[in-house]
Amino acid sequence: MKRRWIGAGLSIGLLCAMLCGCATTSQKPGTMDEASQSTGVRRVDRGTFPFMGERLTFDVRHVATKSSVADAVAQVGYESVMADGTRYIPIWGTASSKSIVRLFARIDDRAEVYIDPSTWESVYSYKHLNENDRDREYAVWFWPEDLQASVERTQKGRVVKRDYSVPNGSMDTVAWVFLVRTFDLQKDREYTWYTFDGWTINRITLKVGGVEDVWTPGGFYAARKFEIWRERSDAITPHGALSGVYIDPERHVTVDTYHLATGWLAEAPGHVPVRLVIQTGIGEFDLILKSVEHVDKEALAALQE
């Protein structure tokens, strides 16, 4: 798996996850080297990934100015296999600022994650953040059986490599968004997962609310509302094993739990994300679904050529 792919922290990760889109996944920065996946005991077999071929487009609006500032697209590919037998499904995306907005807020962010077709676990992710004068990229290899992730970061021409201990079930943020869509979220319940973005461990809690009618350019959706809460932490290394059984690493909390975003998932099968209001250091952004399409395998392959 090659070392490269979005995220100014979880905020941009969520943004790109629910908005991604890039024209190719092969022979470009962000592709994987041929490297075998971990061979330990696999996790739960979840069956066929239900979102292959799905393409979501979003309008990103700055709440305070009521202006449309960026476009974002999310595209799910189809199962592929490498020469060494590694199977994966790619999910990729971009977020780009629009026209005049680029004069003072240029954003060209890119994200990609490769998931295991059976377990839907994150195998590899690459992110490239290009925001005004700040340009950085990093890659993460996930080893779920070992409770580890390997990271390679590139910033200002400097490359840093490091292994991290991560809690059981940790995944890339993009993959997490798609996983959440497969659950039947119940009102007044809380659900917690761990994500790892290459910089910090995120303990994400969803607090589920009721169903509301949400307007989008494509019409109204009956959608389940939920609040997203985030706790940031670092793993205390080294992690260890006791009698051959790996245990979750201890975590050092660096930022206590805080409210990150409010989102809505359509009640219809597939639970399409229709809206996300997310808090950032430069105000709130409102991500609104513009369209849902299905791109068949042949058409997607043609786009990648």
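The numbers here are math on the coordinates, done by the rules we state, and not lab data. What you see is a predicted model; the values in this text were computed from it and never measured. Note that we place each Cβ from the backbone using ideal geometry, even for glycine, and neighbour counts take in every protein chain shown.
Any chance you could count how many residues in the range 170-199 are surrounded by fewer than 21 Cβ atoms within 10 Å (Cβ to Cβ) and within 16 Å of Trp264 (Cα to Cα)? Matching residues across the range 170-199 total 13. Within the range 45-94, the only residue that satisfies the criterion of being within 19 Å of Ala261 (Cβ to Cβ) and of a type in the set (Phe, Trp, Tyr) is Phe58.
In the range 209-226, which residues are hydrophobic (A, V, I, L, M, F, W, C) and surrounded by fewer than 17 Cβ atoms within 10 Å (Cβ to Cβ)? Before the answer, list the steps.
Here is the first cut: in the range 209-226, the residues hydrophobic (A, V, I, L, M, F, W, C) are 211, 214-215, 220, 222-223, 226.
Passing the criteria: Val211, Trp215, Phe220, Ala222.
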